[in-house]
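Here is the structure we will look at, set down as structure tokens.
Read-outs throughout are calculated quantities, based only on the coordinates presented, and are distinct from any laboratory measurement. Source: prediction; values computed, not measured. When we count neighbours, we look across all protein chains shown, and the Cβ atoms used for this are built from the backbone with ideal geometry, even at glycine.
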Amino acid sequence: MSAKDALGVNYIPHPGGAANFNITGGTIEVEGTGNFGLGVTNYSTPTASADNYTTTVQIGVAASLTADARSYVFANNNDSASNILEITTSGIIEGDIMLGGGGSTFNLTGGSINGYIYGDFDTVYGTPLDTQNQGTDTLNWTAGTLSGGFFGGGGNDYANLSTLPSETGNYVFQLDGGESDNDSETNQDFDLLSLSNNEPLDIEGRYLTRWERIIIEYSTVNFTDTLLTLDQSPLGGNFNDLGDLFVNTGGTIETNKSGSSGTSFTLAGNLKLGGGAWRSYGQSLTIISGNVGNGGSLNLADGVVGGSFIIGGDYKGISGIIVIDTDFGRLTSDSARINGQITGTTEINVIPYGNAGSPGAIPIILTGANPPPEGSFQLEENGQPVSGIYQYDIYYILDDKNSGVYLASSDPSSMNSVAEYNSFLQRPGIRLAELIDAGVALQPYVPLYEAYQSVLLEMTRLPSLKTRSGGRYDGGAALSSGPALDAVWGRVGGGFDHFDPQSSTTGYDYDMSSFEMQAGLDGLFLDSAAGALVGGFTAHYQTGEAKVHSRYGDSKIHPDGYGFGGTLTWFGTNGFYTDAQAALTWYSSELKADDLPLSPDDSEAFGYALSLEAGQAFGIGDGVSLTPQAQLSFASVSVDSFTGAYSDDVDFDDGQSLLGRVGLSIEKESAWTDINGQARAANIYGLANLYYEFLGETTATVADVLDFSSEPDDFTGEIGFGGSIDWQAGKLQYSAFAELTASTGFSTGSYGYGGNVGLKVRW
């Protein structure tokens, strides 16, 4: 159908009546000023409208409706407040639609519209006086494309965009809430725009106009320009008369997505995050002129430092978060400036960026002349941020015009200003001791690195002959006349040690639980009237856990070690003995700080140890003997360099220990024959030892230049007791042995206790 300078399909309503237009296909074309393809005109006379009249229009996918610039695809000229009009289209529309007086609903469910939808009157060629009964108009857009716009006009109007694909953003459209009287000084309408359950949309904020409230949920909206202005209305319930942008659960706003330096976006209105997020990219500026209620996320984190929010009004934290990138090496960060009052609580999630950190203070929340209330901003529960060797915390600072919340490695208020504080900590040549004296917080891995070699040295040191062998050999007696292989044996041991170093850069101590399994094969190399020479091959497995404590936090070292070694022992018939040992151990250690989410890869290390021991047994009668003895044990540990989880490069000097021991044991031996004629023997002993560490200092170098060193106690005392029992079964001889010891340092609070049990089988 085609109409030139004429109406197309026109219906004249009657009060209380209804009209249904169902266009399933075909084409309607109209042209000429004021004409329409489909429409409703006034009842009886041009000024007499029909009340309580319902109009329903259905336009199918096969329908095409076209109107030229001064005519309409559809027009409602029945100006009645009680009108009810609903149009649903999935067809092709080229031209404008005027919904007219009363309430109306327009459903765009598919197809396309290239034109404008006017809720009450034509804002281009008409005036508000054209429609006296401006009602509530609603746009429901669920599919299809709109190139043009929706103008709500007077009344409380609504636009609902849902389930739209991302391609929708390829079209330019304007959504305007409108006003009842363009000349009114006071806006009496309350218009609402809602976007929900859409695919990500690119929208220009300048085309969303005169809405008192916008709600975004389960949708991502990327504003591709620089401005979104919400209408000012006293009906919004805000004392500042600004409109509200709500970003609820599942909703995300993105701005400055190009990431270019110097770009900006302004929201002229209030922002209320109710579980949603606002993401701003790059070194850009986002300005929110009104108040902010943060029950969601203000997110500046994108791997680029330098983005910022400016909040012109008040800020209320409603258990929301602010996410920022921070370059601790350059002491720069994303940030927010709040010009109004601050209430509530907000978590700060800091994403470390760039090189390893430096000591100093970084502004993240600036508040002008007044600092925010204590506790209003807190670090997220994943803990204090760490970069390099430093750990940072939140501090509230009053500093002339730069008051606010700072991330700092110690309290900047210890000096006159933040600038003075940073200048002191950043000066060339500052020594590590000065940083520690200034209260600079180190991250928990630093004391772990310092303690690491000490833990491995403790595990690498070799035991005494008595600990290793128990009562496996009869002193002074011929041992065997059989083949070279004389015995197979095994033992397990464990212990607990509290290690409190005599000196330490970080002031750490640790508690270590350890477990060891060792097995060996012994053979008789020489058996003579003067004595016997016994050699052996050993294999061992060691594991443990050292819990490192310091003022900077707790951490754990979990080493596992595997290795082998050899022994050579001379047992003289006169009670004199010498014992030599050597062992090699390869370690793999898990390193973990208790309160930090990241950890380095497992650390690899190698250790070796050498020991020489000598003693002389003196019989004092009745099976009792005294044995003074001395031992010198050397251990060395080499740890591979690595980079920690927080860009902290770690190197280690070879840790070395030269431990001297002098001691005395007293032993009681008994032997008898059981009722079966089998030989039995047992012994018990007590011992006392004094240890002296000749070396023992260990050093970890972190960040290439900072050395962290510690030294153990010089002197340590030890007491213990043990025993063994021997028996024979057939051609096999068995010996079970056990030992318990306890030790204490003389200079510090170090102490330990342990034990081991073993079994030897001879043939």
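Tabulated data for the structure shown
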| item | result |
| --- | --- |
| Leading residue at positive end of dipole, region 445-762 (Cβ point charges), from T573, I666, L521 | T573 |
| In order through region 57-62: 3J(HN,Hα) via Karplus (6.51 cos²θ - 1.76 cosθ + 1.60), integer Hz, x for Gly, Pro | 10, 10, 10, x, 5, 8 |
| Proximal charge balance of T138 [Cβ under 10 Å; K/R count +1, D/E count -1] | -3 |
| Paramagnetic label zone (point 7 Å from Cα along Cα-to-C-beta, A582; backbone N under 16 Å) in region 521-535 | 535 |
| Least to most buried among R468, R210 (fewest other Cβ within 10 Å first) | R210, R468 |
| Distance in nm between pseudo-label sites at V492 and A69 (7 Å out along the Cβ direction from Cα) | 9.5 |
| For region 701-756: rounded, prolate or oblate by the Cα gyration tensor [a/c cutoff 1.5] | oblate |
| Exposure proxy order (Cβ contacts within 10 Å, fewest to most) of L658, L195 | L658, L195 |
| Calculated from backbone phi, Karplus (6.51, -1.76, 1.60) coupling profile of region 549-564 in Hz, x at Gly/Pro | 10, 7, 5, 8, x, 9, 8, 9, 10, 10, x, 10, x, 10, x, 8 |
| Net charge, S376 excluded, C-beta distance under 13 Å - Lys, Arg +1, Asp, Glu -1 | -2 |
| Lys pairs under 30 Å by Cα in the chain, provided they are eight or more residues apart or on distinct chains | 15 |
| Cα shape, region 374-426, gyration tensor, a/c 1.5 rule | oblate |
| Share, in percent, of DSSP beta bridges within the chain that are antiparallel, nearest 5 | 60 |
| Charge sum, other residues only, whose C-beta stays under 14 Å from D225's C-beta, Lys/Arg counted +1 and Asp/Glu -1 | -1 |
| Lys, Arg +1 and Asp, Glu -1 on Cβ, resulting dipole of region 445-762 about Cα centre, debye, nearest 20 | 1760 |
| Acute angle (nearest 10 degrees) that the helix 445-460 long axis makes with the longest principal axis of the chain, alpha-carbon atoms | 30 |
| Cα-projected label distance for D704 with S747, points at 7 Å along beta-carbon direction, nm | 3.4 |
| Mean separation of Cα contacts under 8 Å, 6 or more apart, over the residue count of region 530-590: relative contact order % | 37 |
| Cα-based shape type of the chain, given that a ≥ b ≥ c are square roots of the gyration tensor eigenvalues and the cut on a/c is 1.5 | prolate |
| Amide H within-cut-off set for S194, under 5 Å, with H built and near neighbours excluded | A159, N160, L161, I215 |
| Cβ-based charge dipole, the chain, positive-most Cα from L591, W727, P444 | W727 |
| Cut-off under 5 Å, modelled amide H: who pairs with R210 long-range | G177, D231 |
| Residues with amide H under 5 Å from that of T224, placed H, sequence gap 5 or more | I203, E204, G205 |
| Size of electric dipole in the chain: Cβ of Lys, Arg +1 and of Asp, Glu -1, about Cα centre, debye, nearest 20 | 1900 |
| Residue-by-residue Karplus 3J(HN,Hα) for region 219-224, coefficients 6.51, -1.76, 1.60, Hz, glycine and proline x | 8, 10, 10, 9, 7, 8 |
| Signed unit charges on C-beta, dipole axis of region 445-762, positive-most listed residue M512, A679, A539 | A679 |
